[in-house]
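Beneath this line is the structure, given in structure tokens, with notes to follow.
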Amino acid sequence: MIDTGIAIFAYNRSEHLKKVLEGLKKNEIHHEVYIFVDGARNTQDMIQQDQVMKVINEIDWMKFESVHSKDNKGCAKSIEDGISYVLSRHEAVIVLEDDCVPLPCFLSYMDLCLDRYRDNQKVIGIGGFAWNLEMNIDKVKEDVYASGRTMSSGWGTWRDRWQGYTRDYDILRRISNDLDASERLGVWGDDIEDMLCSNLTGKIDAWDVFWCAHAIEKDMIFIIPYKALIDNIGYDGTGLHSEQTNRFIPKYFADKKTNFRLLEDCTPTVDIKLALAPVWNGYGHYPEYKDENCKKAIIWGVGRYYKNNKKEILRKYDVQAFIDRKRIKYFEGKPVIDCETISACTYDFVVIVFQNKEEAARMKEKLMTQYEIPEEKILIWKS
């Protein structure tokens, strides 16, 4: 079996951590365990961390190493450093944050997958949580599927895969200059750009957005179960980046499941892309979304309003190109052009997708007067 360490991350939620440890105790543990606690930010956190340390100090049923940072690193840095610490000692790591309660079969599943896919460089990691899919999962042949989207709720990876990780703010520029990578971003990471911008401005402190973008750029996949082996209790409003929601309530595997049917072909299927599309707005440009008689269109606008209406737009139009002022080459697998090159494209309509209708009207006038586009070939999208 592959040499794997378990990394548990805690901060100021003692009751959450207690539930994670209770879940872990129900598993067969043949691993070295590391518990990381980031340093407190303020006096209130110090008081709460006293309770966290009390929970840790009462553990008498397993051996573990506790690593308590003196300084506050922040969520992302704490997790990055902890994963790197474990992988400096082991070939693989299983990661549990303090809101990820493992089912009794979680570790056996992770061990099996980490061992099975260790030499498959296409696979960047193994997930234990499950998203709700718009498909009948009771009829699938395997217990897992391949996704181009990574997850961070109870997961694992290998040392050589983790070595490719970095906080790389230039990654979006590279993806937008790569035809295939830009299409993958439109399928698996519709929210990545906003998350990276929020990270850059300090609104969030997330590491996993870079991990996800890295997988998309390199065309790697994540193995995910159809049914969850992790109970994510973090959507109760107590987490730093988790709002209170019932959005992620998956089906669960039976506690005592021991045999898992794994994938041989680790290529994401169209069915999986379609089933996951509502989760991350990843409608891409697949013909399955389009009506038979949809018209060819150039879309002007790639902002939030477009993303909010993406499914309906792509169902109605066969997109040939996008117009946008951003200095990018491709968007969702299609070229990004300027108004001067519209005449070189084959299209039925130019569709202006602006939320501000007055601005949309001005752009329509500009297309007619400055670029001599016939009025009947210009539409303003109405959601």
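The values are calculated or read from the model by the stated rules, or taken from the named source; none is laboratory data. Note that this is a predicted model, so its numbers are computed, not measured. FYI the Cβ positions are ideal-geometry reconstructions off the backbone, even for glycines, and counts take in every protein chain you see. Quick note on the areas: whole protein, heavy atoms, side chains included, nothing else; ligands and nucleic acids left out. Shrake-Rupley method; radii C 1.70, N 1.55, O 1.52, S 1.80 Å.
Below are the figures for this structure:
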| read-out | value |
| --- | --- |
| Spin-label pair residue 29/residue 166, simplified geometry with 7 Å Cα→Cβ offset, distance in nm | 3.6 nm |
| Net charge, residue 347 excluded, C-beta distance under 10 Å - Lys, Arg +1, Asp, Glu -1 | +1 |
| Percent accessible area from carbon and sulfur atoms, the chain, protein chains only, probe 1.4 Å | 45 percent |
| Antiparallel DSSP beta bridges within the chain, percent to nearest 5 | 30 percent |
| Cα→Cβ-extended label distance, 7 Å offset, between residue 280 and residue 62, nm | 2.8 nm |
| Gain on full stretching of the segment that runs from residue 383 to residue 271 - 0.36 nm per residue minus C-alpha separation | 37.6 nm |
| Across 316/357; 25/257; 251/310; 203/227; 203/357, pairs whose alpha-carbon gap is larger than 25 Å | 251/310; 203/227; 203/357 |
| Distance histogram in 20 Å bins (all Cα pairs of the chain, percent per bin) | 26, 51, 20, 3 |
| Selection from 48, 206, 114, by position along the positive dipole direction of the chain (Cβ) | 206 |
| Integer Hz, Karplus 6.51/-1.76/1.60 couplings in order for segment 279-293, x for Gly and Pro | 5, 10, 6, x, 7, x, 10, 7, x, 4, 7, 8, 6, 4, 9 |
| Per-bin percent of Cα-Cα distances, segment 1-132 [5 Å] | 2, 10, 20, 23, 20, 13, 7, 3, 1, 0 |
| Among 354, 280, 380 - extreme Cα towards positive end, dipole of segment 239-383, charges at beta-carbon | 280 |
| Overall dimensions of segment 43-118 by Cα: Rg and Dmax, Å | 14.8, 46 |
| Tail beyond 17 Å, pair distance distribution of segment 292-334 (Cα, percent) | 26 percent |
| Lys, Arg +1 and Asp, Glu -1 on Cβ, resulting dipole of the chain about Cα centre, debye, nearest 20 | 540 debye |
| Residues of type aspartates and glutamates that residue 18 reaches as a straight line, Cα spacing below 14 Å, ignoring anything fewer than 8 places off in the same chain | 50, 58, 60, 97, 98, 99, 231 |
| Over segment 338-383, volume per residue of the alpha carbon convex hull, in Å³ | 74 Å³ |
| Relative contact order of segment 34-163, defined on C-alpha pairs under 8 angstrom at six or more residues apart (%) | 29 percent |
| Gain on full stretching of the segment that runs from residue 251 to residue 198 - 0.36 nm per residue minus C-alpha separation | 16.0 nm |
| Segment 138-230 - accessible surface per residue (Å², probe 1.4 Å) | 37 Å² |
| Quotient of Cα Rg and 2.2 N^0.38 Å for segment 100-232, N being how many residues it contains | 1.08 |
| Coil-residue trypsin sites (Lys or Arg not before Pro) of segment 125-158, DSSP, other Cβ within 10 Å capped at 14 | 141 |
| Virtual spin-label span in nm between residue 41 and residue 118, 7 Å along Cα→Cβ | 3.9 nm |
| Per residue accessible area in Å² of segment 304-383, where ligands, DNA and RNA are left out and the probe is 1.4 Å | 58 Å² |
| Segment 236-383: proportion of alpha-carbon pairs further apart than 18 angstrom, % | 66 percent |
| Sparse-neighbourhood loop sites, GluC sites (Glu not before Pro) in segment 335-373 - DSSP loop, at most 10 other Cβ within 10 angstrom | 372 |
| Length gained when the stretch residue 50-residue 296 is fully extended (0.36 nm per residue, less Cα-Cα span) | 82.4 nm |
| Fraction of antiparallel bridges per DSSP, segment 280-383 only, in percent to nearest 5 | 10 percent |
| Cα-based reach from residue 26 at 13 Å (exclusive), listing aspartates and glutamates while leaving out same-chain residues under 8 positions away | 255 |
| Å² of accessible area per residue within segment 30-79, as computed with a 1.4 Å probe and no ligands counted | 61 Å² |
| Scaled radius of gyration (Cα, divided by 2.2 N^0.38 Å) that segment 157-313 gives | 1.17 |
| Proximal charge balance of residue 74 [Cβ under 11 Å; K/R count +1, D/E count -1] | -2 |
